[in-house]
Amino acid sequence: MESYVGSPIFARNAAIPVGGDLLPEDVFQLEELMATKPASQGDDICPAGSRFTLDRTGAPIPGKCWMCGSGTVSLATSTVQVEGKVATSEDGMRIVLVGRGSPNAIQPFRSEDRSKGERSEQCKGPGRCLGLARGDWEPGWDIFPVMLGQQNQSAFTFDRGMFRTSEGWMLAVPYNSYVPNTPVAFIKSLDGLPWSKSSETGMFQVDEHGHISPTQAPDLVFGIDHEVSYAFRPKNPYLACLPCHDVASEMADKTQCRGGTSASSLRGYMLLHVAGKQRLNVHYCPNRVACPGSNLSLTGAGELAPRSRLCAEGYQSSPGCVRCAPGYGRPFLDPFTCHPCGGWSLLQQVGMAFLSSGLFYALALSSARPRTDTQQIFKVFLAFLTISCRSLSALPNTRHYKRLKDDIYACAQALYRCLFAVDLVISTEPGSMNSAYDCWGLVDGPVNLYWNIFLSWSIPTALLLLSWCWLGKRGWLKALVVWGNVFVPPLVGAAAKLLPCFSTQAGGPRILMYEAAFGTPCVASFSLLLQLPRFWLAAGTSLLLLLVGPLLWLALAARDLGKELWDERRETVAFLVAGYRPTLRWWEVMVLGRKAAIFVVATLLPMSWAPGAHLVYLLGIMIVAELLHITIRPYASPLLNRLEAQMLGISSACLVLVISLLVEWPFMPYAIYVASSALFFALTIGVYIYFLWLYIRSAFAKTPDMGEEDKAEEQG
């Protein structure tokens with residue numbers, strides 16, 4: 001039986017294939033279950049998931065392997081090696097007692113030829129008699145030992161359990177020593193023997209297979225020269241079936257052994273097994289979604305069975321399920337999440353990434369115009385969008401998100417499509433080109449850290465070059481400043497990918513997080529880190545971003561607008577300082593640092609790995625920014641100060657709502673989840689609409705600068 005679906009099975013004896021879908025717990029057994037094995041496996045091996053069955057002498061019973069019961073598991077084939085087997089029999093070898101299953105046992109009689117009952121029969125003809133001879137006197141035993149002889153020197157009759165020759169000699173076991181390797185002896189008579197129970201020492205029985213056993217020791221039979229020994233793997237056959245706490249070296253409490261070769265793990269943990277080993281490796285999964293709980297099962301040969309599921313769909317079997325399956329890729333800010341790549345070509349994927357980033361950049365360039373408020377409004381909106389996308393990206397990690405989507409679909413398919421639009425926003429970061437580089441197909445498999453940083457810079461650099469060509473030599477500085485406002489934060493996050501490390505086991509190696517798919521180990525000291533090319537790549541890009549970002553902005557903020565010769569230069573400086581008080585013209589650098597900090601937090605604490613810490617740190621950044629803003633009030637216009645304060649306050653409120661959705665209460669009512677989600681969506685969408693209205697009004701009304709408007713109102 002390869003699969004099992006249906007009612008419970010009751011059985012007194014059952015042979016269960018180790019690699020099938022039928023498990024021991026599916027059978028209500030009254031006796032132990034047997035494991036089947038391929039015909040190619042002999043008596044020296046028991047399939048994985050079973051152990052040898054031993055007779056009373058400790059020898060394995062040929063053809064019998066017991067399936068490991070529920071609560072235990074066997075993950076490797078059990079083998080036995082026979083040592084001391086007599087290859088060929090020769091005249092002069094002693095006849096001794098050996099175990100019934102011993103390969104050195106002999107079958108001197110055929111079942112149809114031996115005498116039965118009280119009737120005695122003279123041994124006649126070749127092949128029907130014991131090929132035995134009397135050896136020389138053996139002082140150690142004080143007997144004449146029975147030796148193997150191809151030509152019979154003594155013809156025996158079997159009468160009333162005794163073997164006698166015509167000369168009156170009898171077979172006996174000296175000293176009633178019923179243990180292996182005891183020789184069989186010739187004696188003249190039982191009378192006068194000093195052995196205890198002398199009347200039983202010459203009593204034998206012959207089974208249907210022709211094996212001769214002492215009546216007092218039916219587990220021992222006649223054999224040649226000596227008994228064999230057995231070398232088991234594992235050494236004790238009863239240790240082939242082990243409980244989980246003996247199979248797993250750590251985190252055994254996260255596993256469950258189901259008998260045979262079947263074992264499972266709790267959600268958030270996964271199992272790995274090395275073929276031929278009797279151990280399980282339990283790994284903690286950074287992304288709990290990737291590990292719904294492993295169900296591991298092995299075939300009779302000890303290989304992973306097709307029915308086994310170690311990771312969720314889209315994730316490859318790797319420590320912690322951190323590697324994506326073919327056709328899946330990792331997003332920009334999460335190395336532990338795998339998304340389907342889809343059927344898009346490389347050109348389509350690059351085009352979509354170029355378009356999404358280009359729209360943000362073009363809108364930023366368009367907003368950088370004098371005498372309007374669009375530049376200030378756009379910068380405030382971009383800051384809100386950065387934190388808003390982080391809040392939205394946490395929703396799929398909440399408990400009832402999938403249920404909420406299903407409920408909305410059941411109510412109205414149109415609203416469900418709107419929720420798909422939310423999924424699109426969730427997968428979009430302003431300026432980050434949040435697409436899976438693994439899906440681009442530029443390399444075979446996942447991209448490494450070098451490719452990641454290169455691709456992170458590719459499209460922003462191309463957009464910068466295009467804008468320089470479009471604006472000309474007089475507008476290059478304006479394009480560079482606007483480019484930095486859009487792309488410096490995500491590029492800082494890309495450079496921070498060198499830092500975070502993780503481990504899937506308490507005593508396991510620490511792996512570089514953004515090269516988890518490659519298993520790249522983290523270095524143990526800063527001196528070793530300095531020797532790595534990736535460190536200098538990250539350091540060089542960070543230094544370049546510092547130059548084209550904060551340092552360049554500070555230098556421009558210190559300039560006087562009236563002394564600029566070109567309009568583009570005045571627009572560039574105005575884009576950075578317009579709206580701020582004269583003493584706080586550098587405040588936009590603080591805003592850039594805040595946005596960069598958000599991306600660094602997102603890089604160091606991926607949402608799938610630590611969503612709670614991710615959101616709490618973002619909330620801390622928002623609270624500090626809110627306190628600084630309402631204390632310093634950097635804008636000259638009260639309206640802009642109010643707008644920025646509202647944006648920071650709503651961002652903090654959205655983060656608090658998402659954190660409340662993420663917390664798994666013991667009995668969290670679904671109605672509260674729905675209400676909190678509705679409030680979160682209402683706040684987010686409301687802010688988007690409000691900023692859109694402000695931007696359109698400012699762009700088309702050609703209103704004067706808010707600072708000047710406020711002064712006019714005060715003078716009026």
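Since every read-out is calculated from the coordinates, none of them should be taken as a lab result. Keep in mind that this is a model prediction, so the values were computed, not measured. Counting neighbours? That spans all protein chains shown, and the Cβs are built from the backbone with ideal geometry, glycine included.
Things to note:
- Unsatisfied cross-links (Cα-Cα over 23 Å) in the set K64/K85; K254/K405; K37/K85: K254/K405; K37/K85
- Estimated FRET transfer efficiency (L547, E313; beta-carbon r; R0 41 Å; 0.05): 0.35
- Remark on I212: its backbone amide H falls under 5 Å from those of F222, a criterion applied only to residues 5 or more positions apart or on other chains, H modelled at 1.01 Å from N.
- Taking amide H atoms as placed 1.01 Å from N in the peptide plane, the amide H of I143 lies under 5 Å from those of E138, each 5 or more residues away in sequence or on another chain.
- Among the chymotrypsin sites (Phe, Trp or Tyr not before Pro) in the stretch 597-669, those placed in a DSSP loop whose Cβ has at most 11 other Cβ atoms within 10 Å are F667.
- Packing-based exposure ordering (other Cβ within 10 Å, fewest first) of Y315, Y695, Y514, Y269: Y695, Y269, Y315, Y514
- The trypsin sites (Lys or Arg not before Pro) found in the stretch 58-101 that occupy coil by DSSP, while having at most 13 further C-beta atoms within 10 Å, are K85.
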